[in-house]
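Read-outs throughout are calculated quantities, based only on the coordinates presented, and are distinct from any laboratory measurement. Model, not experiment: these values are computed from the prediction. Cβ coordinates were reconstructed from backbone atoms using ideal geometry, including for glycine residues, and neighbour counts include every protein chain displayed.
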Amino acid sequence: MRKTTPDQASKIAQDHYNISAKTSKLDGYVDENFLLKTASGVKFLLKISSEKDNEQLDFQVQILKHLSEKKLDVSLSEVVPNKKGNSLTSHQKNKTARVLTWLPGRLWATINPKTENLRNSLGDAAGSLTMALQDFEHPAAHRKLDWDLANSVWTLKYINRFSGKEKEIIQYFHNRFEEIKTNYKTLPKSIVHSDVNDYNILVSKNRSNPKVKGLIDFGDAVFTQTVNDLAIVLAYAIMDLPDPLPAALEVIKGYNKHYKFSENELDCLYTLVGMRLVTTVTNASLKKEEFPNDNYYVISEKPAWDLLKKWFNVNEDFATYAFRNACGMETHPQAKKFETWASKNTFQLSELFPTIAKNEIHLLDLSPASTWIGNKNDFNNLDLFQFKIEQLQKENPSQIIAGGYCEPRPLYTASSYGKEGNNGPESRTIHLGIDFWLPAETPVHALFDGTVVTAVNDEGYKEYGGLIILKHTFGALEFFTLYGHLSLKSISTISEGTHLKKGDCIGYLGDENENGVWAPHLHFQIMLSMLDYKIDFPGVTYFNQLSVWSGICPDPNQLFKIDNLKTKYVQSSEKMINFRKEHLGKGLSLSYEKPLHIVRGEGLYLIDANGKKYLDTVNNVNHVGHQHPKVVAAGQKQMAVLNTNTRYLHEEIIRYAEDLLKKLPPHLLVIHFVNSGSEANELALRMAKTVTGNKDILAIEVGYHGNTNAVMDVSSYKFEGKGGFPKPETTHILPLPDSFRGKYTSENCGIDYANHAKEIIQNLKAVGKEIAGFIGESMVSCGGQIVPPKNYFKEVYKHVHEAGGICIADEVQTGFGRMGKTFWAFELYDVQPDIVTMGKPAGNGHPLAIVACTKEVAEKFNTGMEYFNTFGGNPVSCAIGRTVLEVVEEEGLQENALRVGGFLMAELKALQKQFPIIGDVRGEGLFLGFELNDSEKNPLPEHASYLANRMKQLGILMSIDGPDHNVLKIKPPMVFSKENAEELIFRLKTVFAEDFMMKF
C-alpha cells in the first residue's frame, strides 16, 4: 500500500484536526507515525493505520480514555478529537488517522546508564498501568496476536532457521513452555499493554537521576495472562547488561508494588521471559529477510540474542526463588516447613562429632574487619593459619572453634570468585555455611537419616578435599546437608544412592594438604534445593544475592540453637552516620553521597564491611600500599620491644635519618622528626620566623599546609573557603600559578606569576618590613593538582632569597618518589629549598612526618630553647619510616610511578580528545589530575561530583578538589600497576559516555 508523505500528513492534520504544523516522519512497526509541531511549539502525534476493521483502533482509543480517568505513576497520551468530535478519521480507502497528544521524554533505548533506580521506576510505571487496566474490557482485546506470549508457540515452526547453540536454546524454552502449560493456562488474565519495549518507554530529562515518566503505543494491547506483561517488560529492560537477573529483580520490585504476583505466576516467569526473547529473535530473522534494507525490524535482534544466551545460563529455580524474594514472599516455598521442623528438633554438636564430645563453641571472626586473620600475607600462609588455630584451640580447650554463616570474608581471592556485575566487578564473599575447625581425621557423623546425592571422592578434587551431600525427607519436607573438606580416602567407598542412618560415619576431616584452604575443618551447609548442581554446590555467594541465597541455604544453627553461634551482623551505616553527627566533631565530613564503611586495606584496595573491594586512586597516604606486610611487620616488631622518646639513644632514629638523608640534596643536612604534616609545616614556619626574625610569610592561593593555627594562617584553601576567616596581616597570598585557567596563561607565565612575590616583597620593604619566607606545595594539590609553570619556583625562590627569606618546600603529598622522574617534586624545578617538609607517605599511614633543613637554618633555630616532640622520632615510627624507604627501593616504586604515570597521562590525554568535557590533564608520575570544563573553560563541579560517585559505584575511588571543585585527583598508592591504570581508564571511558557527562 502506498506510504503517506509528510506533506500529505500535514494536510490531514489541517483538514481534519485544524492543526497547522510542520510534519516529520517517525519510525513505526505497523502504523505510519508523524510528529506534528505547530508554530507555537505544541507537538502532536499523528498515526495513520491501514486497519480494515476500526474496532482495533477504537480499542486503543478506549484504553487511553479509560486510563485518563485513573491516577497513574506514569503519563500517557490523550486522544485529540477531530473537527467532528470523533477519535478516528477515515481519510481514504482502508486508512484511518488518529491524533494523540505528544509525550515529551527520552526513549529508554537511548538512556545511558540504565540504573537500579530507573529500572525500579519502570516496574513502578508498568505495574501501575497493569493495575489500572484490571477493570477494563473491550471486545477487540480478545484477538489472536503473534506477539501475545500465549501464542508464542508459532515460533517453533521456524526453529530450523537456527542451528547449533542458538537452536538448542530456542528448543529448550519451547520445551519448558510446553511443560508449564497446565499451570500457565490457569493464571489470571487481563488486558495488558503487552509491548513495553525500549522504544515505547519515555524517560525524564533529568540526567543525574532519570525516571520513567511515560509509556506509549497500545497497538499490541491484548487480553492475556497478566504476567505476560511483566515478562515483556523484563525482556527489554535487562538487555545489554552483564548480569540480567539482578536487573530483573529491580524491575519486579517496582511492578509488584502495584500488581501482587501469585506463586504460580512467578513459577512461569523465567520461561515467559525466554519465550518473549525467542519471539523477538525469530521475528527478526523473518523480517530481515522480508525487508533486507530496513533496520527498524531487527533493531533488537543482537541485544535479544545476547540476553537470551545469558538468560539460558541462569538457573531457573534460582531465578524463581529470586523472583519470590523480590516480591516479599518466602524465598523458598519449603523455608517455613524447615523452620518449623527445626524448631521442634535440637541436635548436639557431639552428635556430629562424637569423638570430640563438645557442645560449646568459640566464635571465630573471619570477616573483613577481623584483626585475628591479619593481613593478606597472614591468611594466605597456611602454616601460620594452622598454628593460630591450634593456639586458639589451646586457649579454649572445652570449645569447638566455629563460625561463618552469612559472614562476609576477604579470604576468597581466586579469580573464580569474581565476575563483572552491572556496577563493576563483584566478588563472592559471603559464606553460606558454618565452619567447624577440628583436627585432621576427626570423624563426622550423620545427624539424621539421608541418601547420598553427591559424592566427590576422586583425585581430581584433591585441592578442595572430599564432599558429601545428603538428601533428607521428613514427611512433606525435603532438604539437603553438605559436608565439605573431608579426606578423599575416608569417603572413597561412598557413592551416590548410598543410604546413611543417623549416627553413621560420613567421613573424616582432611588434613591441610588436601583441605585446600587453611587448617582442617568441616564446612557444614543446609540447602532447600540443589539448583541442578551435581558434583558441587556454592559455599560462598555475592553480597547482592545474599537475601536469596540465605533463603535457599538457611542457618545451620537452627539445628543446634547455640547462642554465640548466631550470625554477627555488621552495624548499619545509618547508625554510624547518626552517631558521628551527634557525638563527633561537627566539621568531620564523609566522602561520597552514599558513604562507605571501610574495614580493611589491601595493597591497592580498600574493602568494605561486606567484602566489596574498591580500587583506590586517592590514598597517597598509604604510599607503598595499604597495610604493606613488610611495613606492618616492622612496626609490630619494634612496638613489641620498645617505643619511647628521643631523649634516649636508639639505633632506629639514626638508621632512618641516615637513609633519608641519602635521598635528599646534600645541602639539607639536619632532620627533625614530628608526627604529622601539620606539625612539620608548623615547625618549618617557626624556623623561618626564628631564623629571620620576621613574621611575614608568602604562600600560594588555594594552598593547604595543615590544621594547626600557624599553618591555617598560611593556608588560603582553608581561610578563604567556607567557614574561613580574614587573611592574617602577616600572610601574603600569591595567585595560583595555573597556566590553564589562571590569571596568566602565556608560555612564559611562570615569570608573570613569580613577579607577584617580587612586588609583595618590595611593598613590604616600603613600609619597613622584611619577609620571613615562602611556603609552597611543590605541586598544589588542593588547588587542583596544579603543576606550576616552568621558572615559577626558580623565580620565586630567587626573589625570596634575595630578600633574606627562607624557602619552604611542602612535600607532604608529593615526595618519596611519586614524581617518577625525581624523588622529590621540588627537584623538577632545579631549586634548593632551605627547608623541606614531609608527612603522610613517610609512615605509610602511621603518624610520622619530617622537617629537613640546612645546617645554617638548624644552627640559627637552636636559640637555647629545646625543641622536644614526645612521639616524633620514636623507635616504632622510625622503623616504619625506614621500611617504607626500603620498599620504595626494593619494589622499584619510583620507576613504577614514572612508567605507569606516563601511561596513565597518555591515556587521559587520549580520553580528552574523545571527551571534550576534559579541559586539562596535568601532573607528574602518580600525582595526576584532570579538570572538567565546558567549551568556555567554565568549571563543571556537578559533573565532577557525578563522575566521582559513579566511579565509586563501579568499584573505583576518586576524589574531587580545586577551588571550583571540578578537578579529579589521581594519587594512588605507589604500587598502582599498568593493569590498575587500564581498569581506571576503562571505567572512566564508561562514565564519560553516560548521558549526564555528555550534556554540558
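Using the Karplus relation 6.51 cos²θ - 1.76 cosθ + 1.60 with θ = phi - 60°, the per-residue 3J(HN,Hα) values for the stretch 298-312 come to 10, 4, 9, 4, 5, x, 5, 5, 4, 5, 4, 5, 5, 5, 4 Hz, with x marking Gly and Pro. Compute the Cα gyration tensor for the chain, then decide on rounded, prolate or oblate, letting a ≥ b ≥ c be the square roots of its eigenvalues: rounded whenever a/c is under 1.5, prolate when a/b is larger than b/c in the other cases, and oblate in all that remain. Here the chain falls in the oblate category. Coupling constants for the stretch 637-653 follow from the phi torsions by the Karplus curve (6.51 cos²θ - 1.76 cosθ + 1.60, θ = phi - 60°), and in residue order they are 5, 6, 5, 6, 10, 6, 8, 8, 8, 8, 7, 10, 5, 7, 5, 4, 5 Hz; glycine and proline get x.
Which of K43/K185; K501/K566; K337/K612; K394/K419; K185/K471 have a Cα-Cα distance over 31 Å? K43/K185; K337/K612; K394/K419; K185/K471, as the Cα separations exceed 31 Å there.
Rounded, prolate or oblate, given the Cα gyration tensor of the stretch 108-213, with a/c below 1.5 counting as rounded? Oblate shape, in that a/c is at least 1.5 and b/c is the bigger or equal ratio. Would you tally the net charge around S781, using a Cβ to Cβ cut-off of less than 10 Å, leaving S781 out, and scoring K and R as +1, D and E as -1? Result for the neighbourhood of S781: -1.
Among the listed pairs K758/K798; K211/K310; K718/K969; K3/K93; K114/K211, a Cα-Cα separation exceeding 20 Å is found for K211/K310.
Dividing the summed helix terms, -39500 (n - 2.57) for each DSSP H run of n ≥ 4, by the number of residues in the chain produces a 222 nm estimate of -10500 deg cm²/dmol to the nearest 500. Using the average count of surrounding beta-carbon atoms within 10 Å as a protection proxy, the listed peptides 67-78, 238-249, 670-681 rank, highest first, as 670-681, 238-249, 67-78. Computed 3J(HN,Hα) for the stretch 229-243, one whole-Hz value per residue from the Karplus formula 6.51 cos²θ - 1.76 cosθ + 1.60 where θ = phi - 60°, is 4, 4, 4, 5, 4, 5, 4, 9, 6, 10, 6, 6, 10, x, 10, glycine and proline marked x. Taking a ≥ b ≥ c as the square roots of the eigenvalues of the alpha carbon gyration tensor, the stretch 106-326 is rounded, as a/c is under 1.5.
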